[in-house]
1. Consider only pairs whose beta carbons are under 8 Å apart and that are at least six residues apart or on different chains; among these, list those whose first residue lies in segment B:121-138 and is closer than 12 Å to B:Thr43 by Cβ and without any contact (Cβ under 8 Å) to a residue 40 or more places away in the chain and whose second residue is surrounded by 14 or more Cβ atoms within 10 Å (Cβ to Cβ) and basic (Lys, Arg).
2. Scan (1) touching a helix residue (DSSP H, G or I) at 6+ places or on another chain (Cβ under 6 Å); (2) away from every other protein chain (no Cβ under 13 Å); (3) of a type in the set (A, V, I, L, M); (4) assigned to a loop (DSSP other than H, G, I, E, B) for the single condition A:Val69 breaks and write down its number.
3. Can you pull out every residue in segment B:57-82 that is at the interface with chain A (Cβ under 9 Å from one of its Cβ atoms) and in a strand (DSSP E or B)?
4. Polar (S, T, N, Q) and within 24 Å of B:Asp52 (Cα to Cα): which single residue out of A:Asn115, A:Asn42, A:Asn110 fits that description?
5. Select from segment A:87-121 the residues that are more than 14 Å from chain B (Cβ to nearest Cβ), outside any helix (DSSP H, G or I) and under 14 Å from the mean Cα position of the chain (by Cα) and list them in ascending order.
6. So A:Arg77 fits all but one of (1) modelled with pLDDT under 95; (2) outside any loop (DSSP other than H, G, I, E, B); (3) more than 18 Å from the chain's Cα centre (by Cα); what number is the exception?
7. Counting just the residues of segment A:21-44 that are over 30 Å from A:Thr154 (Cα atoms), touching a residue at least 40 places away in the same chain (Cβ under 8 Å) and surrounded by fewer than 17 Cβ atoms within 10 Å (Cβ to Cβ), which one comes out nearest to the other protein chains (Cβ to nearest Cβ)?
8. Hey, can you tell me all the residues within segment B:35-56 that are more than 9 Å from chain A (Cβ to nearest Cβ) and either among the acidic types (Asp, Glu) or on the phi > 0 side of the Ramachandran plot (or both)?
Amino acid sequence: MAVDECLLYRYGAAGDTVLRIYGWSRPCITIGYFQGVREEVNLERCEHSRVDVVRRITGGGAVFHDMEVTYSLVAGRFPLDIMASYRSICDMVVLGLGRMGLDASFSPLNDVTINGKKVCGNAQTRKGGALLQHGTILLDVDVKKMFSLLNVPTAKIRDKAIADVKERVAGIGRTFEQTAEALKGGAQDAFGCELDAMSLSREDIAECRRIMAARYSQESWTHRR
Amino acid sequence: MGLSATENSFLKKMPKSALLARRYTEEHEWVDAIDDGIIVGITEFAQDQLGDVVSVELPEVGVSYRHNDAMAIIDSVKTSTDVYSPVDGRVTHVNENLLSQPELINKSPYQDGWIVKMVPENRAQLDSMLTQDQYDELVGSAEK
């Protein structure tokens, strides 16, 4: 999260576009900026299962990150029209999945679907004149585990929610490496550009550490609502 | 939002051009002069772009911001976005109704959906904001 925020302010706000593709060293839940952590997450069960919980700066809902490819895209220039910006960035995913032979399509507002099932969700924020979009491409889904960690009001609703999500959400059944490579290709196809590999500079890393210390490693940040 | 300029030292110092008509920023915010400073909100175009507003985070009264500092956050069903301070100035009031009724920004962006009231420090910043015609042009080019 700190790296994404650093990229937003140090690169996006300067007019650059950066795509970051990453995974998680262990499963994690992120909640949307405006969500209440206790309302959304079963914190005791997360602690028992060693699942970290962190608040994002992007909006949207709680996400259980496990078997997935996660990306963040920051851009200093982007369509003002929010729907157009989602379409443009989700095209990267659609074309990337297409490179793996998967027939995906953009499903407004901010999903990508295959055969009507959601395989990729997205959330955005606009700060400092720049855009940050977080997205996840599901490789596989363990709905039962997800609902054991997220709060659902009653057992009855939980069973229905699990059934609903199984019906509506699917993994793409590819490896992390295949998907990450395809996503890079999708970005080139969607934006008509070549990608330059970049590493964080010493200054970037210092800024990431500063952001992490000030925000994401603070319990008060994630528990502020 | 009447102008009682004679009663207010801030307004006495204000150039008339900055007071007579609503001004706008390139970030799609509007600024009106009021008795003791300015009132700030987001435009009809901005609320339309955002779609249904679901939450608003407001600044604390008394805090000072520099021009273009992020001072509030609006979360909609589509995205979250910062609200930037249109001037160097201090927040004197926040619209607490937005905490329980964030939809006021959609329903009434220029009236009940106002976001903050501020006392500006730098009058020249108000004068350099977009006029109605300039803002209409900006929105017109954004919609093409």
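1. From residues that are closer than 12 Å to B:Thr43 by Cβ and without any contact (Cβ under 8 Å) to a residue 40 or more places away in the chain, there are no pairs.
2. Only one criterion is unmet by A:Val69, namely (4).
3. First pass over segment B:57-82, keeping only residues at the interface with chain A (Cβ under 9 Å from one of its Cβ atoms): B:57, B:68, B:70, B:73, B:75-82.
Across segment B:57-82, the qualifying residues are B:Glu57, B:Ala70, B:Ile73, B:Asp75, B:Ser76, B:Ser80, B:Thr81, B:Asp82.
4. Working: A:Asn115 fails: within 24 Å of B:Asp52 (Cα to Cα); A:Asn42 fails: within 24 Å of B:Asp52 (Cα to Cα).
Unique residue meeting the criteria: A:Asn110.
5. Selection gives A:Val112, A:Lys118, A:Val119, A:Cys120.
6. Condition (2) is where A:Arg77 drops out.
7. Let us first name the residues in segment A:21-44 that are over 30 Å from A:Thr154 (Cα atoms), namely A:21-23, A:25.
Subsequent filtering for residues that are touching a residue at least 40 places away in the same chain (Cβ under 8 Å) retains A:21-23.
Adding the requirement that they be surrounded by fewer than 17 Cβ atoms within 10 Å (Cβ to Cβ) leaves A:22-23.
On the way: A:Tyr22: 21, A:Gly23: 25 Å.
Per the criteria, the residue is A:Tyr22.
8. B:Asp35, B:Asp36, B:Gly37, B:Glu44, B:Asp48, B:Asp52
The values are calculated or read from the model by the stated rules, or taken from the named source; none is laboratory data. These figures come from a predicted structure and were not determined experimentally. Don't worry about glycine lacking a Cβ; one is built from the backbone with ideal geometry, like all the others, and counts go over all protein chains shown.
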